[in-house]
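Novice: Can you read through this structure? Questions will come right after.
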Amino acid sequence: MAYRSKEELEVGIAEYLAFCHREKTAARASELATFLDVGYRNLRRLSNRLLGVSVFVALRLRQLEYSANLLRETKLPIDEIGLRAGFGDRGTFFRAIRKRFSCSPTALRTGVHNRH
């Protein structure tokens with residue numbers, strides 16, 4: 001598929017992250033390129049042009065958005081949420097949440113971080 005719009009690329013990323021969940025594998029930019037059937041360099045250019053961010057950042061933002069929604073809206077175990085969002089391991093998931101939201105996944109779930 002020729003990715004000509006932001007929406008098309010975002011759908012491709014969402015489908016890739018769903019694949020990662022089904023396969024229980026970590027999301028990787030190089031694997032995203034293979035999944036989308038485009039070269040990695042071309043994917044980098046597309047991501048920068050259509051999304052305004054690098055492939056890594058595009059993936060990570062999507063993972064974090066999905067994770068935050070699951071934390072707030074479900075009672076799934078936190079480790080399961082990290083796996084569902086395509087994080088390779090617990091440590092990577094916790095570090096990414098802390099960096100983006102300045103709190104732990106538990107605090108994000110309970111809303112404690114908003115009380116300060």
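Novice: Determine the pairs where a residue that is closer than 18 Å to Ala29 by Cβ, located within the stretch 79-95, has a partner that is outside any helix (DSSP H, G or I) and hydrophobic (A, V, I, L, M, F, W, C) with Cβ atoms under 6 Å apart, the partner being 6 or more residues away or on another chain.
Specialist: Hits for this filter: Gly86/Ala27; Gly88/Ala26; Phe93/Phe87.
Novice: When you look at Ser67, is it among the small types (Gly, Ala, Ser) and crowded, with 17+ Cβ neighbours inside 10 Å, yes or no? Break it down into steps so the answer makes sense when it comes.
Specialist: On the way: among the small types (Gly, Ala, Ser): yes; crowded, with 17+ Cβ neighbours inside 10 Å: yes.
For Ser67, the condition - among the small types (Gly, Ala, Ser) and crowded, with 17+ Cβ neighbours inside 10 Å - is met.
Novice: Across the stretch 77-91, what is the total count of residues that are loosely packed, with under 14 Cβ neighbours inside 10 Å and out of contact with any helix residue (DSSP H, G or I) (no Cβ under 6 Å at 6 or more places or on another chain)?
Specialist: Restricting attention to the stretch 77-91, the residues satisfying the condition of being loosely packed, with under 14 Cβ neighbours inside 10 Å are 77, 80, 89-91.
Checking the rest, the ones that are also out of contact with any helix residue (DSSP H, G or I) (no Cβ under 6 Å at 6 or more places or on another chain) come to 77, 80, 89, 91.
Qualifying residue count for the region: 4.
Novice: Given the conditions (1) more than 14 Å from the chain's Cα centre (by Cα); (2) farther than 30 Å from Gly111 by Cβ, and given that Arg72 satisfies all but one, which numbered condition is not satisfied?
Specialist: (2)
Novice: Find all pairs meeting these conditions: Cβ atoms under 8 angstrom apart; at least six residues apart or on different chains; first residue within the stretch 27-38 and under 11 Å from Ile13 (Cα atoms); second residue of a type in the set (Val, Ile, Thr) and buried (at least 16 other Cβ atoms within 10 Å of the Cβ).
Specialist: Once the first residue is under 11 Å from Ile13 (Cα atoms) and sits in the stretch 27-38, its partners that are of a type in the set (Val, Ile, Thr) and buried (at least 16 other Cβ atoms within 10 Å of the Cβ) give Ala29/Val55; Leu32/Ile13; Leu32/Val55; Ala33/Val55.
Novice: Mind checking which residues of the stretch 16-33 are over 17 Å from Ile81 (Cα atoms) and not basic (Lys, Arg)?
Specialist: Of all residues in the stretch 16-33, those over 17 Å from Ile81 (Cα atoms) come to 28-33.
Hits for the stretch 16-33 are Ala29, Ser30, Glu31, Leu32, Ala33.
Each row is one residue, and each column tells you yes or no for (1) among the polar types (S, T, N, Q); (2) within 22 Å of Ala33 (Cβ to Cβ); (3) part of a loop (DSSP other than H, G, I, E, B).
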position	(1), (2), (3)
Ala58	no, yes, no
Arg62	no, yes, no
Leu71	no, no, no
Ile81	no, no, no
Phe87	no, yes, yes
Phe93	no, no, no
Arg100	no, no, no
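Values quoted throughout were computed directly from the atomic coordinates according to the rules given, and no laboratory measurement underlies them. This one's a predicted model, so the numbers in the text were calculated from it and none came from an experiment. All Cβ positions, glycine included, derive from the backbone under ideal geometry; neighbour counts span all protein chains shown.
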